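Only the coordinates and a few stated rules stand behind these numbers; no lab work does. Predicted, not measured: the structure shown is a model, and the values here were computed from it. Glycine also receives a Cβ, built like all others from the backbone with ideal geometry; neighbour counts cover every protein chain displayed.
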C-alpha cells in the first residue's frame, strides 16, 4: 500500500516522480524539524538564480514551512537557516508565557508557529483556505469564542484585516498582525527581526 500511495497521492508528501526529479535536478540543502526537505537546483536559470523547492513530510501545506525556511525558499535570504539563525530555543524562553494561550487565526498559515510556541488554535475565520468568510460564518466563530474564550486573532501582514477586525471588535479580543516572513513589516528586516517582532507582537496581544 505504501508504494501505491506514493505513486497516486500527490497531496501527502512527494510522489515517486517528484522524488526522482528532485534527486536528478536538485541538491538537498537541509531539513526542518517537521521533516520537510529543501532543495536547490543544480543549475541556474536564465536570470542567474537557482530554483528552490520543498518536499513536505506529510500534506502539501505551505503553512508547514517554518518562518526561517520560508525566507530562504522565496529567495528573501541567501544563507540557509542553520547558517544565519541561532537555535529557536533563544525565543522559546521569552515566549514561554504564550504556551496554552487560545487564539483564532484568519487563515491557516501559522501551523508551524502555533506548534512551536504551544499556542492553542480554537478556530479559523476562513471556512476554507483562501475563501473569504461570510458574516454568517464569522458569527459561528463568534459563538465559539463565547463558549471557549480566546485571547487574540492572528492574521498575516499580507492579508486584509477586515475579518479579523470584525471578530476582534465583537469578541473584545486583540487583532494581531504578524509579519509572517522576512520583509513582512519594517521590523522583520532579517531572520532575527522576524522572530523578535513575531514573539513581541504575540506577547503584547496575549495581555
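Observations on the model:
- Net length available on complete extension from residue 25 to residue 200 is 59.0 nm, with 0.36 nm assigned per residue and the Cα-Cα distance removed.
- Span per principal axis, largest first, for the Cα atoms of region 89-205 (Å): 40, 26, 22
- Each residue, residue 53 and residue 78, gets one label point 7 Å from its Cα in the Cβ direction; the gap between the two is 2.4 nm.
- Compared with the dominant principal axis of the Cα atoms in the chain, helix 162-171 is inclined by about 40°.
- Degrees, to the nearest 10: 135-147 long Cα axis against longest axis of the chain: 70
- With contacts taken as Cα pairs under 8 Å at a separation of at least 6 residues, the chain carries a relative contact order of 15 percent.
- Over the residues of the chain, the helix contribution to mean residue ellipticity at 222 nm works out to -10500 deg cm²/dmol, using -39500 (n - 2.57) for each DSSP H run of at least 4.
- Gyration tensor verdict on region 38-159 (Cα atoms; rounded if a/c is under 1.5, prolate if a/b is larger than b/c, oblate otherwise): oblate
- Given R0 = 30 Å, the distance between the Cβ atoms of residue 60 and residue 120 translates into a calculated FRET efficiency of 0.75.
- Acute angle (nearest 10 degrees) that the helix 16-25 long axis makes with the longest principal axis of the chain, alpha-carbon atoms: 60
- Matching label, Rg and Dmax of the Cα atoms in Å computed from the structure shown, candidates (i) 20.5, 60; (ii) 18.6, 56; (iii) 24.1, 68: (ii)
- Relative contact order of region 89-205, defined on C-alpha pairs under 8 angstrom at six or more residues apart (%): 23
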